[in-house]
1. Count the net charge of all other residues whose Cβ sits under 14 Å from the Cβ of V265, scoring Lys and Arg as +1 and Asp and Glu as -1.
2. Count neighbours as other Cβ atoms within 10 Å of each site's Cβ, and list the GluC sites (Glu not before Pro) in segment 257-306 that are DSSP loop with at most 11 such neighbours.
3. Return the sequence-ordered ³J(HN,Hα) values of segment 39-53 in whole Hz as given by the Karplus equation 6.51 cos²θ - 1.76 cosθ + 1.60 applied to θ = phi - 60°, using x for Gly and Pro.
4. Tell me, in nm to one decimal, what length is gained between A287 and A210 on full extension, where the rule is 0.36 nm per residue of separation less the Cα-Cα distance?
5. I need F299, F332 ordered by Cβ neighbour count within 10 Å, fewest first.
6. Please list the equivalent ellipsoid semi-axes of segment 2-91, computed as the square roots of five times the alpha-carbon gyration tensor eigenvalues, in descending order and whole angstrom.
7. Taking 7 Å along the Cα-to-C-beta vector as the label spot, tell me the E133-M46 distance in nanometres, rounded to one decimal.
8. If you take the beta carbon distance between E89 and A111 as r and set R0 to 45 Å, what does 1/(1 + (r/R0)^6) give as a FRET efficiency, to the nearest 0.05?
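Just so it is clear, none of the values below were taken in a lab; they were calculated from the coordinates. These figures come from a predicted structure and were not determined experimentally. All Cβ positions, glycine included, derive from the backbone under ideal geometry; neighbour counts span all protein chains shown.
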Amino acid sequence: MIDEIRVLAGDAVARARAAGTLDDLRALEAEVVGKKGALAGFKRRMGSLDPDQRRHVGQALNAAQWEVADALGARRDELDQAGRRSRLERERLDLTEVRAGRDAGHIHLVAQVIEELEDTFVGLGFRVAEGPEVEDDWHNFSALNFGEHHPARDMQDTFFVDLGAPGEVVLRTHTSPVQVRVMECQPPPIYTVMPGRVYRNEAADATHLAVFHQLECLVVDRGITFGHMAGTIDMFTKAFFGEGFSTRLRPSYFPFTEPSAEVDVRRPDGSWLELGGCGMVHPNVLANCGIDPEEWSGFAFGFGLDRLAATRHGITDLRDFLSTDVRVLEQF
Ligand code: DAH
């Protein structure tokens, strides 16, 4: 009987190792170690044996039971793992598929314009700088010569951040505070452009967004004149838009420049695009940043980039820049 048990166990172990599915394993388990299985059959036959034989047969049955259970368990683990692997394989998402088939995604139009403008100015010998979008009153207003009661500090234009003293921290309303930061950390000569995101507390419509983009330019050197500024703006316009474009300056007012002007770009068809503001850096601003206005002079300008990008691509509603509609996105 002991031999029979060993043969049965050896056979069951071999079949367990060769089992191809979990169902096969379950069937084998029932057939050999289950309540009505072959080993149980031997157990029932033990009753007719004498005590000594019964002990030996009992030991052989126990050993066979463990051996077969081990083999079943090991094979079950293998099949489980293989099953998991093949399920993972089946459920795998091929995220490269879209890219291989066609061009998926692109740089946002405004980011494209920023990159191009940076290239243009770097080509003219400028550096690129950035500043924080959450600003303090000093950089966004005070250092730029905004009087304490200047209307631009009004709640209607400025998003205030609930931090520090009331009104002390704002979302920057323009990129001009980066001028202050650049002047505070380096001595002249300065030839720097500063692109970035700015915030105004305004309702969005076709020509206004509460979050938009500007490019600031600052030059501080000895003997800088209004002529240098006009020439730089014209040169950059031709480099960026093409030879058919020109610029004009209209007198204007900004607290941080004196004199100040608005810049318009003339398109080849004769129409005008309002680009932004410019002027000679106010002596108070230079002094606020620790630069001697008797020795140094400078010019600055700040352009809105969203309208520029929109004009270039025939976009008539700035809110389309925030669209997630593929029909809009796929066009560019
Ligand atoms: N910061 C101004 C604005 O957002 C634009 C501007 C005007 C920037 C004149 C300048 C400047 O650098 O010189 O309306």
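1. Working: positive: K238, R248, R250, R266, R267, R307, R312; negative: D234, E243, E262, D264, D269, E274.
In short, +1.
2. Details: sites: E262, E274, E294, E295; in loops: E294, E295.
Sites meeting the loop and neighbour criteria: E294, E295.
3. Each residue's phi maps through the Karplus curve to give 5, 4, x, 5, 4, 5, 6, 4, x, 8, 8, 6, x, 5, 4 Hz.
4. Values: separation 77, 0.36 × 77 = 27.72 nm, distance 3.18 nm.
Gain in length upon complete extension: 24.5 nm.
5. Details: F299 23, F332 12.
Arranged by neighbour count, lowest to highest, F299, F332 become F332, F299.
6. Values: eigenvalues 215, 22, 15 Å².
Ellipsoid semi-axes (Å, largest first): 33, 11, 9.
7. Here the answer is 7.7 nm between the modelled labels.
8. Working: r = 38 Å, r/R0 = 0.84.
For R0 = 45 Å, the calculated efficiency reads 0.75.
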